[in-house]
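As structure tokens, the structure follows; a few thoughts come after it.
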Amino acid sequence: MKKVALLWALMVGLVYPSVAQKDKKASEILDAMSKKYQSLNSYKATFSYAGEGGKYKGDLAVKKTAFRLKLAGQEVFTDGKTMSTYIKETNEVNVQDYDAGSSGEFNPTKIYSIYKQGYNYKYIGEQKQGGQAVDVVELTPEKKNTQITKVQIAVNKKDKSVKGWKLTDKSGKVTSYTIDSFTPNVAIADTYFVFDKSKYPGVEVVDLR
């Protein structure tokens with residue numbers, strides 16, 4: 001649970017650039033990226049995560065207000081109303097009401113559309129990542145007492161999708177994420193975002209609602 005919560009806390013941290021110090025080119029890149037994701041009905045992505053905790057592969061699916069995340073032996077399901085977090089090691093699932101607007105709640109369904117407050121940002125330059133040309137934008141928090149001190153996000157120049165990002169915390173630790181594959185507007189049944197205990201024999205259900 002902690003690994004998943006940390007992942008999304010860090011990911012949500014990258015999408016709050018400030019209106020105080022706008023770099024015009026950086027703003028144009030972020031706006032184009034945001035517009036792309038908001039135009040999608042759904043998408044699936046696989047990603048790689050690397051940090052002090054090791055290296056992991058993850059999967060994410062998003063459809064409107066619903067999402068499903070799989071990472072490091074854990075799965076998070078939400079249909080926009082209920083969130084279920086399954087922990088493989090203990091064969092346990094925690095079920096709770098999902099409030100997308102609650103303070104501190106991770107919400108990948110809005111991660112690309114809420115970037116206009118909390119951080120300053122500037123354009124770093126063009127790079128090559130995985131053989132693709134990307135524009136790199138650097139974000140720094142307005143508040144100095146935040147866990148994350150710097151974020152670099154790479155946006156594919158061709159299709160405006162996120163290729164990856166790096167986060168630096170106040171201790172200097174760097175955590176990186178790379179999008180390995182991205183499939184837009186994929187057909188996904190609504191049931192895919194609901195935890196089905198029949199598919200997890202012997203699972204212990206902890207209802208926190």
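Per-peptide packing, taken as the mean over residues of other Cβ atoms within 10 Å, places 38-49, 70-81, 182-193 in the sequence 70-81, 38-49, 182-193 from highest down. Magnitude of the charge dipole for segment 133-209, about its Cα centre and with charges confined to Cβ atoms of Lys, Arg (+1) and Asp, Glu (-1), is about 360 debye.
Treating r as the C-beta distance of Glu142 and Glu52 and R0 as 30 Å, the FRET efficiency rounds to 0.70. Taking every Cα-Cα distance in segment 147-206 and sorting them into 5 Å bins starting at zero, the pair-distance distribution P(r) comes out as 4, 13, 14, 11, 11, 12, 16, 14, 5, 0 percent.
The listed peptides 164-170, 197-203, ordered by packing as a protection proxy, come out as 164-170, 197-203 (highest mean of other Cβ atoms within 10 Å first). Applied to segment 125-131, the Karplus parametrisation 6.51 cos²θ - 1.76 cosθ + 1.60 on θ = phi - 60° returns per-residue 3J(HN,Hα) values of x, 8, 9, 10, 9, x, x Hz, with x for Gly and Pro.
Each value in this text was obtained by applying a stated rule to the coordinates, not by laboratory testing. Please read these numbers as outputs of a predicted model, since none were measured by experiment. Cβ atoms come from the backbone with ideal geometry, glycine included; neighbour counts cover every protein chain shown.
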